[in-house]
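Novice: Pasting in a structure now, in structure tokens, and then I'll have a few things to ask.
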Amino acid sequence: MSKFFPIPELKSFIRCPLCGQSYNSEKIKVVKKKDNAMIFYLVCPKCKSSVMAMVTASPLGITSVSALTDVTEEDMERFKNKDPISVDDILEMHTFLEDE
């Protein structure tokens, strides 16, 4: 992780996009780290909504993108080590659906 990635400070101001509740920093799961980016999984302690967030850092600042999700912690663990979906997978699914 870059020296520009202030994770303790970052965790202190993350709030639920639905109800505004602060997340418990001990409960924030780091899904993946790569270079100057991290993907987090968060569950609101108040409204129980789940959020996936990607945060990137550079000398110019921190950028984040987040999305509400129905992914559970169990789903996340089950899929995190799977291969990504390939173009061939998509074409195969398209052919399958077209034939139905």
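The values are calculated or read from the model by the stated rules, or taken from the named source; none is laboratory data. The structure presented is a predicted model; accordingly, all values stated were derived computationally and were not measured. Positions of Cβ are backbone-derived with ideal geometry, glycine not excepted, and every protein chain shown enters the neighbour counts.
Novice: Determine whether S66 is hydroxyl-bearing (S, T, Y), modelled with pLDDT under 85 and surrounded by 11 or more Cβ atoms within 10 Å (Cβ to Cβ).
Specialist: No: the conditions fail for S66.
Novice: For the range 22-71, enumerate the residues that are free of Cβ contacts under 8 Å to residues at least 40 places away in the same chain, in contact with a helix residue (DSSP H, G or I) (Cβ under 8 Å, 6 or more places away or on another chain), aliphatic (A, V, I, L, M) and farther than 22 Å from K82 by Cα.
Specialist: Correct list: V43 only.
Novice: Checking P84 against (1) under 30 Å from Q21 (Cα atoms); (2) out of contact with any helix residue (DSSP H, G or I) (no Cβ under 8 Å at 6 or more places or on another chain), only one condition comes out false. Which one?
Specialist: Among (1) under 30 Å from Q21 (Cα atoms); (2) out of contact with any helix residue (DSSP H, G or I) (no Cβ under 8 Å at 6 or more places or on another chain), P84 violates only (1).
Novice: Surrounded by fewer than 11 Cβ atoms within 10 Å (Cβ to Cβ) and modelled with pLDDT under 85, is that true of F79?
Specialist: When the stated conditions are applied, F79 passes them.
Novice: Can you tell me how many residues within the range 43-57 are surrounded by 12 or more Cβ atoms within 10 Å (Cβ to Cβ) and either basic (K, R) or farther than 20 Å from C19 by Cβ (or both)?
Specialist: So the answer is 5.
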